[in-house]
Amino acid sequence: YKKGRVYIFRIRSAKKLFLQKLQRFLPITSQTAFQVLACQQKKIPDRFIQQLYTMTPVIATVDGQPFLPGDDIDLLIKRIQGNLEKKYKDLYGEETFEQSFIKRIEIINRKPIALHYKSIKLLGCKLKLDINEDNKSQRLARTALSSGLLEKNSIGGGFCVANYI
């Protein structure tokens, strides 16, 4: 980050109270490293999600190695599904998923994308997911919007945007 430049951060959460506290306390925090100019809350629409696109690479580690374009796509789908089910259970206490919420998946990049973390580069890929239209699939898609896809979400990995029907 460079001094004197303006940066925009998007922080998503399924926890409304957490977002309200951030909006209230960030502007009054006195920091010499940064100054908060504005905070805005935006609700995710309750419309059906047709597609999810990752804006930042998704990070998936399989047997200690990163998932790369060209690896087993079925394994990636299982990892995405399992990870989102776990996040959904942690947030809402429910676990009632029998089928995958993904209708179709496409890896957008041909080469791995590096996400810098500490002194290493984590390799990932960007995805486009077509989402099933049933209610359970839509709940998992909303969880992906608020929590991110797969691993390393706390450093920005797997940040998604949606295309609504």
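The values are calculated or read from the model by the stated rules, or taken from the named source; none is laboratory data. Every value quoted in this text rests on a predicted model; they were computed, and no experiment measured them. Cβ coordinates were reconstructed from backbone atoms using ideal geometry, including for glycine residues, and neighbour counts include every protein chain displayed. Quick note on the areas: whole protein, heavy atoms, side chains included, nothing else; ligands and nucleic acids left out. Shrake-Rupley method; radii C 1.70, N 1.55, O 1.52, S 1.80 Å.
Need a quick list: strands (runs of 3 or more DSSP E) entirely within the range 58-161 having at least 3 residues that are open to solvent by 30 Å² or more (accessible area, probe 1.4 Å) and of a type outside the set (A, V, I, L, M, F, W, C).
On the way: elements: 102-107, 113-117, 120-124, 127-131.
Correct list: 102-107.
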Practice problem: Might you let me know whether the range 8-18 holds any residue that is surrounded by 15 or more Cβ atoms within 10 Å (Cβ to Cβ) and outside any loop (DSSP other than H, G, I, E, B)? | Solution: no
Quiz prompt | Checklist (1) part of a loop (DSSP other than H, G, I, E, B); (2) aliphatic (A, V, I, L, M); (3) touching a helix residue (DSSP H, G or I) at 6+ places or on another chain (Cβ under 8 Å) applied to L52, failing item | solution = (1)
Quiz prompt | Pairs with Cβ under 9 Å, 6+ apart, first in the range 1-25 and among the basic types (K, R), second open to solvent by less than 100 Å² (accessible area, probe 1.4 Å) and in a helix (DSSP H, G or I) | solution = R12/L19; R12/L145; R12/S146; R12/S147; K15/L91; K15/S146
